[in-house]
Structures are given as structure tokens and as C-alpha cells.
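Presented below is the structure to which this report refers.
Computed from the coordinates by the stated procedures, all read-outs in this text should not be read as laboratory data. Please read these numbers as outputs of a predicted model, since none were measured by experiment. Note that we place each Cβ from the backbone using ideal geometry, even for glycine, and neighbour counts take in every protein chain shown.
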Amino acid sequence: SKKPRLKYEEKKELQEHPVAKKLLSIAIEKKSNLIASLDVTQTSEILDLAKKIGDYVVAIKLHTDILTDFSVDYINELKSIAQEKNFLLFEDRKFGDIGNTQQLQFEQGVYKISDWADLITSHVIAGENSLNVFSENIGVVTIAEMSSKGTLTDVTYKQKAIQISEKNSKVIGCVAQSSLPDSLLLFTPGVNLDSKGDSKGQQFNTPEKVFREYYTDFIIVGRGIYKSANPVEEAQKYREEGWRSYEATL
Ligand code: 5IU
């Protein structure tokens, strides 16, 4: 039979990056491996949801560029909720350009992601040096594999993305749909208890499956929470389901 997975405590020992250690500490403390992806377009909706579900999540994932009313005040309020409720801010920017452009997108523009994000996502399509532009104090999560039907991230691509990620001390883990070396944290989106997918390519699995089959570390849930009639109940449900599924693989 399959060897047991490493516990969050053991992964924390392996990790040197402070953001990875922090994320794992929060997971252990809250007994949660849930990251809620709040893909809504108004800052008031994010702030409201963050206050309501903040206790159940380790991080809130954001697509700041879909907001219609971004402001520095919003970011400051979100940061204070994150501090109070003890979760991290994860900007899913999916950088995918040459280093110089990524640096501008990371530090400049309206959002100034480098000022407030704890974690960011980046493709590695432009090669390893494109990651040089991210600051040391932000946890970089590379995209090794996507959840959508027909994605171009095949086995070879994934292996190369892992190689780049393992060598780079800023990278704490990868987004993927299969297991990773123990030195990298695994983040898995495409998780939903009630749906198998959508008409735009998304493919969903249950929390139970991604823990059992991939030994994932963190589940990322979007519509399963923010689109539901009762986001608080759903966040609690995904937290419980995620933690139970994690413990079942130990
Ligand atoms: N996301 C994926 N799949 C991926 C990557 C990112 O779904 O392979 I990389 C993002 C997109 C969205 C969230 O912000 O995760 C999933 O939301 P839903 O649970 O609503 O599909």
C-alpha cells in the first residue's frame, strides 16, 4: 500500500521560507487546509465574506484585477481582517511574462501587489530567471499543472516546472493536480462537493479525492463557497471535509 503522507508538522520542518512556515502553522492551529477563492467583483463582497469565513480558512485567494472598485483603503481593511482572523492573502495573479514585465506588474500599476500579498501565483513559462523579480518575503506558488480540460501542462511541462520550483528558494510550492516532491507544498484548485465542472473547461474533484490520490496540502475552493446560499456553512463544511480527508491519509 501507499506510504503515508507527511504531516503538516513534518512539512513545516522541511520548509525554510517564513511564509510556508506561517501557512503551515495556521493550518495546524485552525485544523484547516482550506483556501477560499473569493472571485467576486466588489470589494464590499470580499470584505464581508472575509469577516464571515475568515476563521475557517488558512488563506483567501484573490483576483484583484477583477475588482470594479479597488482602493488602498480596501486593501488596508482586508489586511486588518486577515490579521484578526489569522489568514494569509494570496493574489492569484498568474504572472506569465518576461521578468522585467512581471516586476512592473508585481510592484507598480494600481494594485501594487508587492505591498500587501503574502503569496502570489506565477507561471514558469518564461523560464527560471523570470522568478528573480519577486521579493524574498513573499511566497511564490508556481503553476505546474492546471485543472482545466485540455490544459497544455502535460507531464513533461510539470516535471520542468517542478525542477525550477525546487531550485528556487522563493518558491514554496506549486498548483497541481497530482502529487509533488515533499519539499514543495501542493495547492489544488478545481475542488467542489456538488459539481463535476462547468461549461468553460473547469473540472472538479472532491476534497476526499485530492487528498487521497494526490496527497494535496491545500484545497482551493471558489464557487463552492462564494456562490452558495450560505457561504459560512459551506466554508465550515469544506474545512471539515478537507481536514478529515487529510487525516485519513496519515
Ligand atoms: N484556478 C483553477 N485551476 C487552476 C489554477 C487556478 O481553478 O488550474 I492554476 C483558480 C481559478 C479560480 C479558482 O480562481 O482557482 C477556482 O474557482 P472555482 O472553484 O470557482 O472553479
Applying the gyration tensor rule to the Cα atoms of the stretch 205-250 (axes a ≥ b ≥ c; rounded if a/c under 1.5, else prolate if a/b exceeds b/c, else oblate), the class is prolate
With Cα springs under 10 Å, the Gaussian network model of the chain assigns the largest mean-square fluctuation among SER122, SER80, SER32 to SER80
Dividing the helical contributions, -39500 (n - 2.57) per DSSP H run of n ≥ 4, by the residues of the chain yields a 222 nm value, nearest 500 deg cm²/dmol, of -11500 deg cm²/dmol
Env charge @ THR188, Cβ radius under 11 Å, K,R +1 / D,E -1, value -2
GNM on the chain, Cα springs under 10 Å; top mean-square fluctuation among PHE87, PHE204, PHE187 goes to PHE204
Listed residues ILE28, ILE172, ILE138; largest mean-square fluctuation, Gaussian network over the chain with Cα springs below 10 Å, found at ILE28
PRE zone check, label point 7 Å out along Cα-to-Cβ of GLU10, amide N under 12 Å, scope the stretch 159-203, hits 182-183
The extension gain from LYS209 to ASN76, computed as 0.36 nm times the residue separation minus the Cα-Cα distance, is 44.2 nm
So for the stretch 7-146, using the alpha carbon gyration tensor with a ≥ b ≥ c as root eigenvalues (a/c under 1.5 gives rounded; past that, a/b versus b/c decides prolate or oblate), I'd call it oblate
If each K or R counts +1 and each D or E counts -1, the residues other than HIS17 whose Cβ falls under 12 Å of its Cβ total +2
The equivalent-ellipsoid semi-axes of the chain, taken as the square roots of five times the Cα gyration tensor eigenvalues and listed largest first in whole Å, are 24, 23, 18
